[in-house]
Structures are given as structure tokens and as C-alpha cells.
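The values are calculated or read from the model by the stated rules, or taken from the named source; none is laboratory data. Keep in mind that this is a model prediction, so the values were computed, not measured. Here Cβ is always computed from backbone atoms with ideal geometry, including for glycine, and neighbour counts include all displayed protein chains.
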């Protein structure tokens, strides 16, 4: 049985153990740390797609004129960005969905409205709706009682990766902060300067990135869901799951996802990702890179952050609890129950947050642990999928 590995991201022994675990299960990945002092170039080490997640400090990145990004659905991008012309086919889908919004089923209404909210005016659409389509995928079909609206919603899956972009009009330096994501690949290195530290991962067999090179949290929309479904969440998706059609199986283009989320105890479910993927493809491994909530002025009310782990799903009366603080790095293997409490964290998953691949166990903990393990009493009926004993059979 694989075990949870935990320690500070800058602790050499812990980091080496996590490096070895990841390379054993996925030999094409390379995990590293990068310290920037002054001006330097971020580039892949093996000709692949290399992602950098800033966990300490701040700096700047140089972006050329013509740089395109799907940011801007949070805070507006700087004034020298111009939204790209809206694809006519995508615009027609939006018009159909807007007209038929009242026919959208209540369970699908939140992600559908979030998609429409990025449609700033008739000719402008800004941002990445991959996260909303991921949520829509988890709502039973049909999503609308109106066939035309249903067809339009399904049509979004074929176009969304090519829309929502804005283009930078003039070259220049732009700030990057803790929690931001940078990507360099075989065709593009990134010039940066400042004082900051990054966790880095490279896919050595993926020479090109499928997303824009910079994703900054302040320019990304909050998207309620997962461990923070509240009406006013901090949950931003620098790198989310990409599907080409509803119901896609296996892993598609995904090899890693990043969600930066504030996880309060009240809305955090105990859950696990199964050792046999629901729809095929790779197993889902999860990592926590803990950030400083003060960097985004989040009020933690003096709460201490923890991670609760259930190492054996057949023995839920046994659990482990670990304190978390900025810089803590955690490796959580598939089939391990876990629950984050009052933590501001970049949740990284390999190959990503696979649809329908998360199972909730608070009810099972209550029923099977004899009161010896903590659970979230308010989520006993939330997303109550198959019973645990059936999943482990």
C-alpha cells in the first residue's frame, strides 16, 4: 500500500521521496524546484512542457506583443490587452443558450450561468470555461428540457478551448505572485526576474503546451465547487481538465491539473480517488502545495490548517492528522482517503481531476468507524455515490 509523503517543499529528504514516487509511477515526468534570484530564463530541461507553480515570493515575467491568454474573467487584464474577435459559431451557441436559459435544469443552472457571465457583450467573450464544463459533465443529462438548448450546450465542448482569448498589444514586464502558474515548452522559454521559488514539473514527451504560458490568480474567476462549494469561494483554476465531448473517457490531453483553493472545514468532504479509474486511463494522484493565505488577504480567523488521512479505506477507525503550513508539500497516492481543513492550497493532480473519479466517504466514516474518526456531518448526503464496501469489493 502506497503511503502519504509529507514535509516542507524545501526539505531535501521529503522532496527526494516525492520525486521518486512520481517518477516510479510516471517515468515521463520530472519534478524539481527552481529558485529565481534576479533575471533568468525559465525553460524545459528535457524538451517537454514544463509547468512552474510559484509558492514563495514575487517577480515579473516578460510578455511580448501578440501574447494570447484566456485570463481576464476575474479581475480585468491590463489595458493593453484586447479581447479576440468572438468565433461566430461559438456566439450562436451562446445566443441559443441565453434564449433557452429558463429551460436549463436547476442542477445545471450554476455552471451554465457562469459560462454566460463571461460573455461581456455581443462580440466579447473572455476566459476559460473548462472548469464549468467539467461541472456540467457531472450533472445528469439532459441538461435542458429544450432540445435546441441541449444541443448548444453539448456544442460548447468542441469549441471552448479556442475561445475566450485576449491578445497583448505591446511588449512589457508584468507582475507574478505566489500561486501563479508559468509554462515553458520546447517552443517558448520565459524571461523572468525577481525573487521567488517555484515547484516545477515537466512532461518530457509533451513538446508543446495546450494552454497559455501564464495564468495569474488575480485574473481568474472564482468557480465554486469541489472542496469549496460556497457562494463566495476562493477557488481558481490555473490548469483545469479539458474534454472534447461530454462523457469523454480516459485522460484526453490532460497530464496535470492545478486548482488553488481555500478549503474551510465546514465545506470540506472526506473523499478518495479510486485505485481503479472509473472510466479508464491513469490513476489519479493528488498533491498539496500549501500557500500563505495572507498573500491574498484571506481571513483564517486564527484557525490551524490540517490534513486528515485515512490510509486504509477498509479500516476507517484509523486515521492520521498532519498540521499544514505555508510550504508544506504532500503526496497523496490513489486509494487514500483524505480531507483538508482550513488550508489555502494549490491542489495538483496527475493526470488531473478526472471526471466521476472522486468518491465521498463521510457517511461511511460515520457508519463504520464507531465514532473514532472525524467526519463532516453536514456532508453526509452530499454527492453520495456508491457505498464504500461496493467500491472496494
Flagged in segment 210-220 as modelled with pLDDT under 95 and crowded, with 20+ Cβ neighbours inside 10 Å, in numbering order, are 211
Taking the conditions exactly as written (in contact with a strand residue (DSSP E or B) (Cβ under 7 Å, 6 or more places away or on another chain), crowded, with 16+ Cβ neighbours inside 10 Å and not assigned by TED's automatic domain parsing to the domain that holds residue 327), does residue 48 satisfy them or not?
no
Can you tell me which residue within segment 256-275, out of those that are part of a loop (DSSP other than H, G, I, E, B) and in contact with a helix residue (DSSP H, G or I) (Cβ under 9 Å, 6 or more places away or on another chain), is surrounded by the most Cβ atoms within 10 Å (Cβ to Cβ)?
270
Given (1) under 21 Å from the mean Cα position of the chain (by Cα); (2) assigned to a strand (DSSP E or B), where does residue 322 come up short, assuming only one miss?
(1)
When you scan segment 97-105, do you find a residue that is farther than 23 Å from residue 184 by Cα, assigned to a strand (DSSP E or B) and not assigned by TED's automatic domain parsing to the domain that holds residue 175, even just one?
yes
Return the residue satisfying two criteria in turn: it lies in segment 48-71 and is assigned to a strand (DSSP E or B) and under 21 Å from residue 162 (Cα atoms), and of such residues it is nearest to the chain's Cα centre (by Cα).
51
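Per-residue answers, yes or no, for (1) surrounded by fewer than 19 Cβ atoms within 10 Å (Cβ to Cβ); (2) over 18 Å from residue 150 (Cβ atoms); (3) modelled with pLDDT under 95:
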{"site": "66", "(1), (2), (3)": "yes, yes, no"}
{"site": "94", "(1), (2), (3)": "no, no, no"}
{"site": "99", "(1), (2), (3)": "yes, no, no"}
{"site": "103", "(1), (2), (3)": "yes, no, no"}
{"site": "107", "(1), (2), (3)": "yes, no, yes"}
Hey, does segment 361-383 have a residue that's surrounded by fewer than 19 Cβ atoms within 10 Å (Cβ to Cβ), closer than 24 Å to residue 254 by Cβ and touching a residue at least 12 places away in the same chain (Cβ under 8 Å)?
yes
Return the residues of segment 184-209 that are farther than 22 Å from residue 29 by Cβ and surrounded by fewer than 21 Cβ atoms within 10 Å (Cβ to Cβ); say none if nothing qualifies.
191, 193, 194, 195
Go through segment 116-135 residue by residue and tally those that are free of Cβ contacts under 8 Å to residues at least 60 places away in the same chain and more than 19 Å from residue 77 (Cβ to Cβ).
2
Are there strands (runs of 3 or more DSSP E) fully within segment 114-216 with at least 3 residues that are under 28 Å from residue 291 (Cα atoms)? List them.
172-176, 181-184, 190-203
If you take the residues of segment 306-333 that are in contact with a helix residue (DSSP H, G or I) (Cβ under 9 Å, 6 or more places away or on another chain) and closer than 18 Å to residue 53 by Cβ, which of them is surrounded by the fewest Cβ atoms within 10 Å (Cβ to Cβ)?
326
Please work out which one of (1) under 26 Å from the mean Cα position of the chain (by Cα); (2) not assigned by TED's automatic domain parsing to the domain that holds residue 196 is the condition residue 174 fails and give its number.
(2)
Considering only residues that are assigned to a strand (DSSP E or B) and touching a residue at least 40 places away in the same chain (Cβ under 8 Å), look in segment 306-319 and name the one that is farthest from the chain's Cα centre (by Cα).
310
Under 21 Å from residue 128 (Cβ atoms) and assigned to a strand (DSSP E or B), is that true of residue 253?
no
Answer yes if at least one residue in segment 76-84 is crowded, with 16+ Cβ neighbours inside 10 Å, touching a helix residue (DSSP H, G or I) at 6+ places or on another chain (Cβ under 8 Å) and within 19 Å of residue 170 (Cβ to Cβ), and no otherwise.
yes
Does any residue of segment 83-90 turn out to be farther than 30 Å from residue 189 by Cα, outside the structural domain of residue 192 (by TED's automatic domain parsing) and assigned to a loop (DSSP other than H, G, I, E, B)?
no
Does residue 111 satisfy the criteria of being in a loop (DSSP other than H, G, I, E, B) and closer than 22 Å to residue 357 by Cα?
no
